[in-house]
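Taking it in order: structure first as C-alpha cells, then the write-up.
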Amino acid sequence: MEKKTVVLYPGVGVGHLAPMLELARAFLLHAGDQQVDVAIVVFEPPVYANGFAATVARAKASNTSVVLHVLPPPASDGGESGDDAEPEDPLAWMLRFLRATNAPLRDFLRALSTASRRVQAIVLDMFCADALDVADELGLPAYFFFPSGAAGLACFLGLPAMRARVGTSFAALGESAVLSFPGVPPLRVADLAQGLADDGEACKGIIGVAARMPDARGILINSFESLEPRAMRALRDGLCLPERPTPPVYCVGPLAHQLLRVAGAARDEGAQGRTVLAGAPHAAGLLRRAAGLARRRHGPRLPPLAGRAAGPQRRVPLLREPGHVPQEAAGKDRRGCGEVRAEVDVLRHRAAGAFVTHCGWNSTLEGVVAGLPLLCWPLYAEQKMNKVRIVEEMKLVVEMRRRDDDDVETAEAVEAKVRWVMKDSDGARALRERAAAARDRAAEALSEGGPSRILATISPMCGPYICTSEKFTLRRGRILAQHFVT
C-alpha cells in the first residue's frame, strides 16, 4: 500500500523546531491505522553548528517515530562573505539563508516520493514563505504552521497593510506611538518584535513573508480558541486581510505534549518534581524559565530571584530539555535555589506556585497548561508583543516592569511581585483561579470532540482537495482533511 507522507519544514532555530516536533507527534498520535508518516527536514546552518547538532541529536533520541532529515547547508546564501563583509542583522541573514535552501529542498522532496511513498503535503514554518515556490513547482499543497497564537498571527498578517498605511518606518513614529491591529490589544512601537521598527532588510523581509502567507491553503496555529477569542473572531471575519480572502486558520494547540500527556492526573506525579520540591506545601515554589538565556552571549542582566528577592518561597531554575544544563549551573545549589531542573519535571507539581517566563509562546503555553500564574518578563524577539496580550486580554500574569533607564528590575520590585503572587489576597486568588480555568480550557480544547481536536482529521488526509467557500471554519476544523490531495 502506498504510504502518505507529510513533510514539516521548521526553518532555522530551536524555538521553531520544538513546536514542529510537537506537531509531528500529534500527527502520528491521531493517525490511527492510516498509512501516514511524518518527516521533518532541516538544514544544518553554517554557524552555531555544534549547538545545532546537539539539539538535533536530542530531538532524534526523544522522537524515534518521527523521521528527521538533516541536509547540508546550501553552497551559498547569496550574501557577502569575507573579512570585509558588513555585520548583518541575524533575521535578515536567516531569511536569505532560507531562500537559498529552495533548490536542495526541491531535490529532497522529489527524492522522497517513490513508488511506495508519496509526499502528500508540506507544512512550512512562518518564515519559510519562499518555499511556496517549491510547493507550487511540485504541485504540493502547502500550509503554514505559525508557532505563536491567534493574536500574533493577526498582527503578522496585518503588517504589510499597516506599513503601507503609516507611510514611514514604524521607528519614525516614535516608541510611544500606538498601532491598532484587528483582534489585538493596542501595541506601542516599542512592543514590536525585533527588526520590525526600522525599514532595514530584516523588516522588509518579514513584511514580504507576511504578504505571502495568505497564498497557502491553510494556516495552523499553536493556540486554542477559548484562550484568544477576540483574535480568532477577527481572523474568522477576515478583518486582518480586508483586501483578500483569509485562508483557513486552524487551532491545533496547545502543543505542550510532555505536559498534556498527564492532563487530568495529579500535578505531583513527576518523580523529579517530588525530589526538587520535596516537603514543599501547595503553591510554595517559584519556577523560573532558564533555557534560552544560557544560549545568549549578551543581553539584559537578571536580578537575583533567589534569597531576599524571592522571600521564603523556593525558587527552581528550569530548562526546557532534560540534561541540557549550563556548565556553570550543573549540579550546583545556586544561593539556596536548588539544582537546575527540566521544565516538565516540576511544572505540574502541586507545590509549583508561579512561573517566571520571558513570554516566549512555547513557555507561555506550558505555563497555561500547568495552570500556573505567570510572572512576565519579556526580553527580545516577539516577547514584548506576547506580553501585551497575556497581560491585557488573558490576564494570567503579573508584569515585571523594567526601569526606563536600565535593563533590569530592582530586587525590591521583584520581591514585591513574587510575594504578591504567592500570598492569599483577593487579587492573587483571582489570578490563580483564572490560571486554573485556562488550564481546564486547554485540556478541553484537545479532548475528544474539543475545538482543537482537528489533529484527529489532519493525519489521515483522506479526502480530495476541495476549494471550499469563503466561510472558513476555525472552531472545529473537521474539514481540514479536505484540503490535502489524495
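The values are calculated or read from the model by the stated rules, or taken from the named source; none is laboratory data. The shown structure was predicted, so the numbers you read here are calculated from the model rather than taken from an experiment. Positions of Cβ are backbone-derived with ideal geometry, glycine not excepted, and every protein chain shown enters the neighbour counts. Note: accessible area is taken over every heavy atom of the protein model, side chains too, but ligands, DNA and RNA are not part of it. Shrake-Rupley method; radii C 1.70, N 1.55, O 1.52, S 1.80 Å.
Okay, residues lined up against (1) free of Cβ contacts under 8 Å to residues at least 12 places away in the same chain; (2) under 23 Å from residue 236 (Cα atoms); (3) of a type outside the set (A, V, I, L, M, F, W, C); (4) in a loop (DSSP other than H, G, I, E, B):
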{"residue": "122", "(1), (2), (3), (4)": "no, no, no, no"}
{"residue": "136", "(1), (2), (3), (4)": "yes, no, yes, no"}
{"residue": "151", "(1), (2), (3), (4)": "no, yes, no, no"}
{"residue": "155", "(1), (2), (3), (4)": "no, yes, no, no"}
Q: For region 217-227, enumerate the residues that are open to solvent by 10 Å² or more (accessible area, probe 1.4 Å) and either closer than 24 Å to residue 380 by Cα or in a loop (DSSP other than H, G, I, E, B) (or both).
A: 217, 227
Q. Hey, among 150, 154, 142, which residue is hydrophobic (A, V, I, L, M, F, W, C), surrounded by 24 or more Cβ atoms within 10 Å (Cβ to Cβ) and touching a strand residue (DSSP E or B) at 6+ places or on another chain (Cβ under 7 Å)?
A. 150
(Q) Condition (residue is under 18 Å from the mean Cα position of the chain (by Cα) and part of a loop (DSSP other than H, G, I, E, B)) applied to region 234-246: is it met by at least one residue? (A) no
(Q) Every residue in region 340-354 that is modelled with pLDDT of 75 or more and open to solvent by 20 Å² or more (accessible area, probe 1.4 Å), please. (A) 350
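Taking region 187-199, which residues are open to solvent by 30 Å² or more (accessible area, probe 1.4 Å) and not in a loop (DSSP other than H, G, I, E, B)?
Matches in region 187-199: 188 only.
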Q | Residue match in region 101-111 (condition: in contact with a strand residue (DSSP E or B) (Cβ under 7 Å, 6 or more places away or on another chain), touching a residue at least 24 places away in the same chain (Cβ under 8 Å), surrounded by fewer than 19 Cβ atoms within 10 Å (Cβ to Cβ) and assigned by the TED database to the domain that holds residue 21) | A | yes
Q: From 165, 236, grab the single residue that is closer than 25 Å to residue 450 by Cβ and open to solvent by 10 Å² or more (accessible area, probe 1.4 Å).
A: 236
**Q.** Residues satisfying the stated conditions in region 105-127, i.e. touching a Leu at 6+ places or on another chain (Cβ under 8 Å) and β-branched (Val, Ile, Thr)
**A.** 119, 122, 123
Q: Scan region 67-98 residue by residue and report those that are modelled with pLDDT of 80 or more and assigned to a loop (DSSP other than H, G, I, E, B).
A: 72, 73, 74, 75, 89
Q.
Going through 202, 172 one at a time, which residue ends up being part of a helix (DSSP H, G or I), crowded, with 16+ Cβ neighbours inside 10 Å and either without any contact (Cβ under 8 Å) to a residue 24 or more places away in the chain or not β-branched (Val, Ile, Thr) (or both)?
A. 202
Q: Count, please, the residues in region 378-388 that happen to be touching a residue at least 24 places away in the same chain (Cβ under 8 Å) and closer than 26 Å to residue 429 by Cβ.
A: 3
Q: Could you please find all residues in region 56-66 being in a helix (DSSP H, G or I) and free of Cβ contacts under 8 Å to residues at least 60 places away in the same chain?
A: 56, 57, 59, 60, 61, 62
Q | Failed criterion for residue 208 (all others in (1) buried (at least 16 other Cβ atoms within 10 Å of the Cβ); (2) within 26 Å of residue 121 (Cβ to Cβ) hold) | A | (1)
